[in-house]
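Since the structure comes first, as structure tokens, the remarks are kept for the end.
None of the figures in this text is laboratory data; all of them are computed from the coordinates on show. Owing to the predicted nature of the structure, the values given are computational and were not obtained by experimental measurement. Here Cβ is always computed from backbone atoms with ideal geometry, including for glycine, and neighbour counts include all displayed protein chains.
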């Protein structure tokens with residue numbers, strides 16, 4: 001019973017963080033505000049998470065894109081030819097775009113990282129970087145990366161995805177393309193798919 005109560009309380013605290021972030025952003029997060037929103041004694045934040053930073057790290061690990069890669073990619077993907085490379089990169093990048101669009105919590109995390117450097121944001125960046133390097137290392141085992149800098153291409157498209165999703169919070173269009181309509185995002189997804197096709201074709205081009 002104690003263990004169940006502990007897990008329930010921890011989840012209440014994590015839910016409280018999510019609620020405050022959506023209502024006020026990370027600037028609204030504090031020991032007292034989280035405890036009040038969760039309806040628990042603030043001492044439990046220290047007991048279960050070691051403090052506010054520990055709670056925020058746990059929250060970010062659960063919400064951040066890096067922790068969702070296994071859901072977006074097959075864990076045992078193998079790149080045998082350019083069609084495998086195309087399907088894997090499309091699964092990753094278009095999946096990343098859609099996941100970020102649907103996850104306002106993650107959008108807030110990215111905005112927080114852009115505005116502030118602290119123990120928690122540095123940890124979030126470190127985890128995401130490690131996951132990205134791991135992914136690229138897996139790809140490069142089976143692809144001749146001397147033909148095209150796939151890592152740079154992925155980084156540029158990922159940065160574009162992050163920016164456009166975040167920009168859509170305050171703008172209707174970007175470069176004449178709607179970032180508030182499904183049709184506009186379908187155009188952008190097709191563009192991502194096209195760029196991935198070009199990249200894979202170049203990586204597997206015959207001499």
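A few remarks follow.
- Sorted on the mean count of surrounding Cβ atoms within 10 Å across their residues, most packed first, peptides 168-175, 118-125, 106-113, 187-194 read 106-113, 118-125, 187-194, 168-175.
- The Cα atoms of the range 2-59 cover 33, 18, 17 Å along the three principal axes, with the biggest extent listed first.
- Helical mean residue ellipticity (222 nm; -39500 (n - 2.57) per DSSP H run of 4+; nearest 500) of the chain: -23500 deg cm²/dmol
- Of the residues 152, 18, 38, the one that moves most in a GNM of the chain with alpha-carbon contacts below 10 Å is 152.
- Here the spin labels are modelled as points 7 Å beyond Cα on the Cα-Cβ line, and at residue 189 and residue 6 they lie 4.3 nm apart.
- Spin-label pair residue 104/residue 202, simplified geometry with 7 Å Cα→Cβ offset, distance in nm: 3.9
- For the range 131-207 and the range 98-128, distance of Cα centres in Å: 19
- Segment residue 136-residue 116, length gained on full extension (0.36 nm per residue, minus Cα span): 4.5 nm
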